[in-house]
Amino acid sequence: MAVNALLTLLLLTQEPACTSRMRDRCVRAGGRAFSGGEAELRLFPPDGRGWTAAPVTGARGEALTFTRASSRGCYPYKFATTSGQGTYVDGGTPCVTPDGYRADPASTQLALQSDTFTASVWYRATIDAGNVGPFGTLGAALILDGGLNQVVTVGTASSLTLGCLARAGTGTAIRLTIDAGTSGSTGKNCVVNALPDDGGWTPATCSHTVSNPATVQVACGIPDAGGGNVYVGAMGVWPLAHEGQYVRTTAASVAYNEDDLQVQNLSVLSTAQGCASATAVPLYDSATAVGLGLRGIVGISAAGAALIINLGEYRTTDDVNFARLQLPFGAVAKRVRSVWGSGLAITDGTETGTATFDGTMGSSAATVSIGKLPGFSVFGGTIRDVQLSRRPGGCR
């Protein structure tokens, strides 16, 4: 039994040379051969190939093209079972954590002095601000009493999200409050319980729809008197229906850029048949969040046409689409998979549609986009174990 198990492991992990005897089971990509049991393109696989060290590549060393001009905070999120310590990455560097690849739309960080809680913009009770924060610098606040409050200028935004990177002290819960603004809109309280006590940080968020306020007071603090103290390492306020990028601010709000990741000049896929799959978790519930629009997970484009995995809607007028994928798409990890075949019948197992696809996947112009797709809003969440294959059964 042990010998059989070892042989199976070797068969799954070796990349044999392509020979004429294996032509039906073996293709070549990026100059390296691999068995027909694995997808021709794989990004952010669970075994860590290509993304546990810089520079980030595909599982077989395929070059990735990434664009984001601005810096951002980066930290483990929904896939992790425990919280984690984050990093601050420069522009041009993707946010990749043990969770996978984080793709966020462009927006604005509205909270001022976002991780400097001794600044005068913060109204606070009793804090100890001499602690190492989630991005490795001093300034995190241990809230001993009350909370951290700030009046934020939000303009005409209707969707608003408050976020705090927090960890447990003697208490394990934190309250996030979005108070009524100058327009007199109704506020909202959110209590996040069970902050992990592992020395890391975890994101706590609260989203609310407000009625065109000019300013809104926000706060992160202890839920109840005597409930124990908690740490806050950074705060963010975004005009979004979900959490945005944690971007450092000082005396002014900061606009930041979207994440844009691609694999270009791909020549291992086919228009005739194939499949695509990915594990993804959004920062929102697509059934209830306001103003999301269409948000793509994986797209393949060539010669002006495209195949898309998105969060909903089947379209036949613009891009060829992978059909509806398990809506509602709540803020939990899901594995999504689609197959195209003869005549480009596209199905996810519950719906089937047909459409014309005039691209040529075998050309050097084919491009795979992750999280940011032509004609779609940026996904907003974490994506990993992306698989694309010219074989309908090649994507797990």
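The values are calculated or read from the model by the stated rules, or taken from the named source; none is laboratory data. All of these numbers come straight from a predicted model, not from anything done at the bench. As a convention, Cβ positions derive from the backbone with ideal geometry for all residues, glycine included, and neighbour counts pool all protein chains shown. Note: areas computed on protein heavy atoms with side chains; ligands, DNA, RNA excluded. Shrake-Rupley method; radii C 1.70, N 1.55, O 1.52, S 1.80 Å.
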19 Å cut-off, amide nitrogen to a point 7 angstrom out along ALA119 Cα→Cβ, residues in the stretch 193-229: 215-221
Virtual paramagnetic centre 7 Å along Cα→Cβ of THR137, amide N under 20 Å, in the stretch 251-267: 251-257
Cut-off under 5 Å, modelled amide H: who pairs with ASP99 long-range: TYR77
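For the stretch 103-170, compute the orientation-averaged projected area of the C-alpha convex hull (one quarter of its surface), in nm². It would help to have the intermediate numbers written out before the result.
Working: hull surface 23.8 nm².
Average projection, Cα convex hull of the stretch 103-170: 5.9 nm².
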Rounded, prolate or oblate (a/c below 1.5 giving rounded, otherwise prolate when a/b exceeds b/c) for the stretch 43-125 by Cα gyration tensor: prolate
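In what order, largest first, do HIS242, HIS208 sit by accessible area if the probe radius is 1.4 Å? Can you show the working numbers first?
On the way: HIS242 5, HIS208 35 Å².
The ranking, largest first, comes out as HIS208, HIS242.
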